[in-house]
Structures are given as structure tokens and as C-alpha cells.
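Since the structure comes first, as C-alpha cells, the remarks are kept for the end.
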Amino acid sequence: MKQIGYDRPLFVQPFDHRGSFTKSYFGFKGAPTITHDTEQHIQVARAKTLVYRGLLRAIDMGVSHIGHIFDGFGESTALDRGTKPYGLQEELLVCDNLMSEVLADKVGAHVHPVWLKIILRCKGIENIILITDSRDITGNPPGTYTMGDGFDAIIKKDEDIVRIVDDGRLAGCIMTMNGAINNMIKHTGINLKDAIRMATFNPARAIKISNRKGEIKAGMDADIAVFNKNIDIKLTIVNGSIEYYNL
């Protein structure tokens, strides 16, 4: 079974520490809550805010990975003056049961490069998933645009992030997946093979389709991207058919 027709994880927020999830998936809100033994084939991801007391319960009820860690999670509060506060984000870093989605934009606006390196060291190559958080104005040149949600947003030269015109708030990205791979390499120093794994095999494993996607080998779906040394896409093959050609 696929949730709402997609091979994608179901994101939930907020988590009720008493044991109920509220669905919030691509604008689909207010649906019946998920209990421990219902919809067992849906992959559940944790997005943004969550109180620590609910984390282990959330994992027990099916949460398998974290949506864009360190972006939108808020700040922990120190209990004693001068001490480093401890909170949910730190617990997520050391929780081996959870994979982590991460936004590696070009300028480090969503997640600073230092945090990317910390995430890498804590979660490991095999537990990080690169995402783009790209908006509907992706692909446009620098300028001001009205997005589908009605907000006016600005794209600046040499940036792959989107900001709201009125107050400058971050509002996602215009980043492409090959851009995310390039950014992760530049920010953390990992090699190309590992960065590609974060964009291919890892997400396939997270939603339990790595038996047919995420690798190039016999028996797998023929979904292939060919790129040059700058990671510019030159050819894409989807299910064995050429869909884009720029060689």
C-alpha cells in the first residue's frame, strides 16, 4: 500500500506524547490518527517540532526518520546559566534508530556547514538523506515571484534559497537535487560517491523500495542520471526511456 498514492514518507506534526499522530501530508490534514497497528506499510517521518518525552514513543509507533533536521526545530533552553542546553535536536543526533533528512543549500542558510559536519559525524553516511525543499518557482532566474501559496518571494543571484519579500523569512529553496549533492560535497568534504548515496540509495531505503531503486545493477528500475564533472545533468533515463538529453 502507498500512502495517498505516493512512494513517499508520511510526515506528521505535532506528535501527541500520549500516543497519537495527527496527519499533515501535502496539505492533507485532520485525517484519523495513526495507531500502532494501523497502516503498517506507511513510512512515517517526524517533521519539525516534537517534545523530547514523545520521541521514543514516536519511534515505537513507526517514525523512521527526521524531516529536515536543524531547520524549524526551535532552540533548546538552558536550565542553568552558562551551560549548553540539551534538547530534542541533540537526542535526534545520537538516536541510531532514525535517519535524517537535511537541507544543504549553497549559502548554508537552512543548516550551517558546521552543523552539516556534525550531522555527518553523528548519523553517518548511511543515515543521511539529501532533500531540496524546492518551491514552485524553482528554475526561474533571480527576481521576485508570487508562489502558489500567495506569498511574494525573492530569488537572489548566486543563491538557491527563497525568501519572503515582506520580511526576509526563509521560505524554502530553488535547489535541485544535483545542486544539493554539490553543496554537501563543498560544505563537508565528503566524496561524490557518498553524496550520491544520500540522494539515491538512502531515501530508497527509508521508504523501503531499495530492492528496486537507488542503485544501478541488474534487476533494478532503469532510472539513471548522467552528469559531468560539475554535476550538471546531461542525460536522464526513467524506467528505461530517455527523458532528457543534453550531451
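The values are calculated or read from the model by the stated rules, or taken from the named source; none is laboratory data. Just so we're clear, the structure is a prediction, and the values are computed from it rather than from any experiment. We place every Cβ from the backbone using ideal geometry, glycine too, and count neighbours over all the protein chains shown.
Of note:
- Residue within segment 224-232 that is over 27 Å from residue 66 (Cα atoms), part of a strand (DSSP E or B) and touching an Asp or Glu at 6+ places or on another chain (Cβ under 7 Å) present: no
- Hey, residue 158 in a loop (DSSP other than H, G, I, E, B) and in contact with a strand residue (DSSP E or B) (Cβ under 9 Å, 6 or more places away or on another chain) or not: no
- Output for segment 174-211, where each listed residue is modelled with pLDDT under 95 and outside any helix (DSSP H, G or I): 207, 208, 209, 210, 211
- Only one of the listed residues (180, 206, 171) is in contact (Cβ under 8 Å) with a residue 12 or more places away in the chain, among the hydrophobic types (A, V, I, L, M, F, W, C), crowded, with 18+ Cβ neighbours inside 10 Å and more than 24 Å from residue 64 (Cβ to Cβ). That residue is 171.
- Test: residue in segment 103-114 that is modelled with pLDDT of 95 or more, at positive phi and surrounded by fewer than 14 Cβ atoms within 10 Å (Cβ to Cβ): no
- Scanning segment 222-247 for residues being surrounded by fewer than 16 Cβ atoms within 10 Å (Cβ to Cβ) and either touching a residue at least 40 places away in the same chain (Cβ under 8 Å) or not hydrophobic (A, V, I, L, M, F, W, C) (or both) gives a total of 13.
- For segment 63-89, the set of residues classified as of a type in the set (Gly, Ala, Ser) and either at pLDDT 65 or above or surrounded by 19 or more Cβ atoms within 10 Å (Cβ to Cβ) (or both) consists of 64, 67, 82, 87, listed by residue number.
- Entry remark, segment 111-131: residues being over 18 Å from residue 205 (Cα atoms) and either in contact with a Gly (Cβ under 9 Å, 6 or more places away or on another chain) or in a helix (DSSP H, G or I) (or both) number 9 in total.
- Complete set of residues in segment 115-135 that are farther than 20 Å from residue 191 by Cβ and surrounded by fewer than 15 Cβ atoms within 10 Å (Cβ to Cβ): none
- Residue in segment 136-152 that is surrounded by the most Cβ atoms within 10 Å (Cβ to Cβ), counting only those that are within 21 Å of the chain's Cα centre (by Cα) and not hydroxyl-bearing (Ser, Thr, Tyr): 137
- Filtered by the rule that a residue be in contact with a strand residue (DSSP E or B) (Cβ under 6 Å, 6 or more places away or on another chain) and β-branched (Val, Ile, Thr), segment 200-247 gives 224, 226, 233, 236, 237.
- The residues in segment 140-155 that are out of contact with any strand residue (DSSP E or B) (no Cβ under 7 Å at 6 or more places or on another chain) and within 21 Å of residue 180 (Cβ to Cβ) can be counted, and the count is 1.
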